[in-house]
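Asks: What follows is a structure written as structure tokens; I'll ask about it next.
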Amino acid sequence: MKKIIILFAAITLAVTISCKKKSPDLVSKIVTASYPIITITGDQFVSIPVGGSFTDLGATAKDTVLNEILTATSITNDIDPTTPGFYTVQYNFKNSNGYTAVGTRFVLVTNIDSALDNSGEYFRTTNNSPMNVEKVATGLYKTDNVGGVPLPSAFAITVYFGQLDDSTLVVPVQPTEAGEMYCVNSKIIPTALDTTITWAVRNASFGTAQRTFIKSAQ
């Protein structure tokens, strides 16, 4: 009987040791879901003249959860300095757990004279709601109420736009408080009496109607 008990104890001990040896293989690595926070160095929206040059100031990124300072894993640049338009420079960052984030700089290439300034207070023709336009750089502007919604409103969204020539505006796809937004059919019409800006907003929170704004020349 003692031999049986001793044998059973020996088998139990062997199984226990065997399990202990295998247990590390059964433990999965815990991966923290966190994303890098990107800071664009310098202005996110910049303007250069046709034929000019663009100096990339780069971007930085940090993962505050993992306490990591990151280096861009890739940079893409589609700028054509010979052709008016809005272009992008994108910076891609990845943390040690494989989570990525992309930062974007917008570069306007324009033929507009640097002295031209279409800033001021515009009013939407359908409801008289104000839209302030501010010149940021040559041909580059931002507005505080792209949809011309009655104020005050959470949908008074700020966007940047560029003037390519005497009549063409471009409102590129850009991040906003309402998500990604852009405009189509965008034009500016200056006359001796007033200046008209017109576009159709593209965003899930807005309808597709053409929106027209007028600034008096007086």
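The values are calculated or read from the model by the stated rules, or taken from the named source; none is laboratory data. In this text the structure is predicted, and so the values were computed from the model without any measurement. Neighbour counts run over all protein chains shown; Cβ positions are idealised from the backbone, glycine included.
Asks: If I go through region 148-179 residue by residue, how many of them are closer than 26 Å to Val50 by Cβ, assigned to a loop (DSSP other than H, G, I, E, B) and among the aliphatic types (A, V, I, L, M)?
Replies: 1
Asks: Just the residues that are basic (Lys, Arg) and crowded, with 17+ Cβ neighbours inside 10 Å, please, taken from region 189-217.
Replies: Residues satisfying the conditions are Arg211, Lys215.
Asks: Do you know which residues across region 45-79 are surrounded by 12 or more Cβ atoms within 10 Å (Cβ to Cβ) and acidic (Asp, Glu)?
Replies: Asp56, Asp63, Glu68
Asks: Suppose the filter is touching a Pro at 6+ places or on another chain (Cβ under 9 Å), within 25 Å of Glu177 (Cα to Cα) and surrounded by fewer than 16 Cβ atoms within 10 Å (Cβ to Cβ); does Thr104 pass it?
Replies: no
Asks: Out of Thr191, Thr168, I need the residue that is over 15 Å from Gly85 (Cβ atoms) and not aliphatic (A, V, I, L, M). Which one?
Replies: Every option except Thr191 fails the conditions.
Asks: Answer yes or no as to whether Asn127 is outside any loop (DSSP other than H, G, I, E, B) and loosely packed, with under 14 Cβ neighbours inside 10 Å.
Replies: Criteria not met by Asn127.
Asks: Then there is this: Regarding region 61-81, can at least one residue be identified that is outside the structural domain of Tyr141 (by TED's automatic domain parsing), closer than 26 Å to Val184 by Cα and aliphatic (A, V, I, L, M)?
Replies: Yes - at least one qualifying residue is present in region 61-81.
Asks: Sticking with this structure for a sec: Would you check which residues across region 180-218 are in a strand (DSSP E or B) and among the polar types (S, T, N, Q) and list them?
Replies: Asn185, Ser186, Thr195, Thr196, Thr198, Gln210, Thr212, Ser216
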